[in-house]
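Data first, discussion second: the structure below is written as structure tokens.
Since every read-out is calculated from the coordinates, none of them should be taken as a lab result. This structure is a prediction, so every number in the text was calculated from the model and none was measured. Here Cβ is always computed from backbone atoms with ideal geometry, including for glycine, and neighbour counts include all displayed protein chains.
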Amino acid sequence: MSDKKAKSRDGNAGRPPVKDSVLELRTRMARMMSIVEITSRGTLPMAGSKAGEDPKKDAADQNFDYMFKLLIIGNSSVGKTSFLFRYADDSFSSAFVSTVGIDFKVKTVFRNDKRVKLQIWDTAGQERYRTITTAYYRGAMGFILMYDITNEESFNSVQDWIAQITTYSSENAQVILVGNKCDMEDERVISAERGKQLADQLGVQFFESSAKENFNIKTVFETLVDIVCDKMSESLDNNQTLNAGGDQAKGQRLTDQPTSAATTNCNC
């Protein structure tokens, strides 16, 4: 080693290594990915590991029948984090803190006597995090695509977000379009009619919401879970029909109540 290199190396002795923030974030994201695969203790042919295989997990954490991975996406500052906190914690803060990379919360809901665990991911809207956040699209069952009714640019970006969903998620992923901050009527630039028209063009359901006023927050999530369950039912029905050569009657839908103990198809 040359004297110059040795001197440079010795001069850095005792100094903490400079961390590459992007690399560090990617590493942390990769570790978190291991816990977000869609799992099921039922009979659905879903991707991911089955719950209950890790004996180290807390028993209460395993007390669910199905787990859905949902993502909230959209431009920065449209209110994704406030939307999530209002739903998961019933809390709201007017202080804006931009999400760095990605964050998530867990909430369990009931669906026809079945416990459905939701892992809801709040993604950063900034372009510099896009390659990281799109990695989480894999395995997602549903997306809440959000824009700000007071921000024309966030509305115009909806098509770009749809393109990303199409590119990085499965074809069965379900989407709901949400126009957030509808409490700010005096600053509105996107009418509800324009939002509904775009949703119709995309073939998705549409809601306006307000995290501040707690308007339509629960409804959006319940509707998305319903749509995901319906899609799962259709897939289960189709698989059963194919396996039976078309002679077997279709299985019970997830939205139906069980009619007898002999009917054991998925009811979440």
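Taking amide hydrogens as placed 1.01 Å from N in the peptide plane, the amide H of Gln205 sits under 5 Å from those of Leu177, each at least 5 positions away in sequence or on another chain. Close amide H partners of Phe104, meaning residues 5 or more places away or on another chain with modelled amide H under 5 Å apart, are Asp122. For the set Lys107/Lys196; Lys117/Lys218; Lys107/Lys212; Lys181/Lys218; Lys181/Lys231, the pairs lying more than 24 angstrom apart at their alpha carbons are Lys107/Lys196; Lys181/Lys231. Taking other residues whose beta carbon is less than 11 angstrom from the beta carbon of Cys182, and scoring Lys, Arg as +1 and Asp, Glu as -1, yields -3. Each residue of region 79-90 is assigned a 3J(HN,Hα), and the resulting list reads x, 5, 5, 4, 4, 5, 5, 5, 6, 7, 10, 6 Hz, derived from the Karplus form 6.51 cos²θ - 1.76 cosθ + 1.60 (θ = phi - 60°), x at Gly and Pro.
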